[in-house]
Amino acid sequence: MRKFIKGVLNLREHRNVAVTGIAGGGKTVFLTSLISHLMEFGQGNFHVGRGVDITDFREIPRREKWPPFFAHSAYREDLARGRWPEKSTDCSEYVCRFRRSDWMLHTQGMSFFDFPGERTADAAIAAFSDYEQWSGHVLSHFERHHDYAAAAGPYLDYVRGHEISRDRLLHLYRETLAGLILNYKPLVTPSTFLLDQQGVPADPGTVQEIAAERIAGTAENRQFAPLPEKVCRENPGLAREMSVEFRIYRKKVALPVFEKISRAGSLVVLVDIPSLLAGGVGRYNDNRQILLDLFEILRPSSDLGTLLLRYLRFWRRSLSRVAFVAAKADLVHPMDVENRRLIGLLKMMTRRTAEMLPQVKCEWFVCSACHSTFPVPGVRRLKGRIARGNPEREFKEYSVPELPEAWPENWAPGDYPFFRVYPDAPENYLIPPRHMGLDRVFEFISG
Ligand SMILES: Nc1nc2c(ncn2[C@@H]2O[C@H](COP(=O)(O)OP(=O)(O)OP(=O)(O)O)[C@@H](O)[C@H]2O)c(=O)[nH]1
Ligand SMILES: [Mg+2]
């Protein structure tokens, strides 16, 4: 009814969409392919509703300076040339408008927000406005998971001691973060340690080299680390200093990203299940914790929600839909899509997260935004331009592991060897990349 009235009054409908997921999860490729399909509607196997037509697609220039423009045509060119877009080093947004034949007189506007996945690790910094609460949250995550012992053990031992020096504390915390990076654990926070504010990532190296190179904050003299309550009580000066740096970081780096996400009407949560299986249980636990932290922000009563309500007069909870998406589904054998193992693993991992927002409509999808493999029928093998040992980038057949029916209790990196492939996209821009399930996700997030 509301849409009909809007249609008769020729009002415009605008939907803000935020695409989230850890670094390398597929956000930029997802958006590049989706925008190509909307732009060249009808040229790719992309269907909306019952024969809905999308016409008059227009890119809308951005008025605001931040975030910068999402460079769709450059990323589309990358795919056409057989390479993946570069990893994102800054936030960006794409705004467009188009007509839908199922919406009588009005047009649909959509904004798509993309950002560097490293920043998802700062969700807890946005969720907790209080430094000690944040400290407790991060330290308990380290303490809860035995596979953190190696990376965080020395730090946890140090903060259990009595003599705490600022420089030693920050040094040991930087070594902890360096250890997480080397173990492919995405929960590196503050995330500027991994990707700084200029978008420069950490160089490869030893724990000591990375810890010496990088900073845990916004500047050399603006660093912070989590402290247990007892240490805060015994070292009030140090705790005060850490709390000040925490708040500066929260304002400068974390809140701009998460404010944008929490203003979205639709959220796409990309989960890269092949890389979680390939990366081991630690990577899975981290990704899950990051999702829980992110949804903590989106809870009506969260600190951020209350903050936004207080400071942004016009702000109101606008999130109405969340699409959980098992991305890069073309890296899994279609047998494990048909037998619903892939979507099963996605639902198991995200069910609790979805329950945190009972007022929001959630759906689960399997998707490959740039489908770059072909199945070998009857056997668990795929054909693709496998990235390993294939300088000519030829199509090769290779084996893929069977998906487990449920998440195993424990597994190590390498137990599920999934491989990266080069993109297989038309060089002709008129024809969007091959996809699977992208149109279903679009239908849901634009609904
Ligand atoms: N096979 C396949 N690989 C994909 C697909 N989408 C992404 N990838 C792979 O995932 C990598 C990361 O994709 P991006 O879209 O850059 O990931 P992102 O989430 O934007 O990463 P950050 O910018 O680092 O946060 C790519 O370089 C590809 O190797 C897909 O649909 N199919
Ligand atoms: Mg990206």
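Of note:
- The GNM of the chain, with springs linking C-alpha atoms under 10 angstrom apart, assigns the highest mean-square fluctuation among Arg214, Arg174, Arg62 to Arg62.
- Per residue of the chain, the DSSP helices (runs of n ≥ 4 H) give a summed -39500 (n - 2.57) that works out to -11500 deg cm²/dmol at 222 nm.
- Net charge, Asn339 excluded, C-beta distance under 10 Å - Lys, Arg +1, Asp, Glu -1: -2
- If you take all other residues with their beta carbon under 13 Å from the beta carbon of Ser88, and give Lys and Arg +1 and Asp and Glu -1, the sum is -3.
- Between His162, His72, His106, the residue with the greatest mean-square fluctuation in the GNM of the chain (Cα pairs under 10 Å linked by springs) is His162.
- The residues of the chain expose, per residue, 45 Å² of accessible area to a 1.4 Å probe.
- Low-density loop cleavage sites - trypsin sites (Lys or Arg not before Pro) in the stretch 387-445, where at most 10 other Cβ are within 10 Å (DSSP): Arg388
- Mean Cβ neighbour count within 10 Å, used as a protection proxy, ranking 348-356, 336-344 highest first: 336-344, 348-356
- Bins of 10 Å from zero: percent of alpha-carbon pairs in the stretch 121-253: 13, 48, 35, 4
- Shown here for the stretch 30-82: GluC sites (Glu not before Pro) in loop regions (DSSP other than H, G, I, E, B) with at most 11 other Cβ atoms within 10 Å, namely Glu64.
- Cα shape, the chain, gyration tensor, a/c 1.5 rule: oblate
- Residue among Pro236, Tyr158, Tyr249 farthest towards the positive dipole end of the chain, charges placed on Cβ: Tyr249
- Selection of GluC sites (Glu not before Pro), the stretch 110-174, meeting DSSP coil and at most 13 other Cβ within 10 Å: Glu163
- Sequence-distant lysines (8 or more away, or on other chains) whose Cα lies within less than 19 Å of Lys65: Lys251, Lys252, Lys260
- For the chain, the share of DSSP beta bridges that are antiparallel, to the nearest 5, is 50%.
The values are calculated or read from the model by the stated rules, or taken from the named source; none is laboratory data. A quick note: this is a predicted structure, and the numbers were derived from the prediction, not measured. Positions of Cβ are backbone-derived with ideal geometry, glycine not excepted, and every protein chain shown enters the neighbour counts. Ligands, DNA and RNA are stripped out before the accessible areas are found, and what is left, the full protein with its side chains, is counted by its heavy atoms. Shrake-Rupley method; radii C 1.70, N 1.55, O 1.52, S 1.80 Å.
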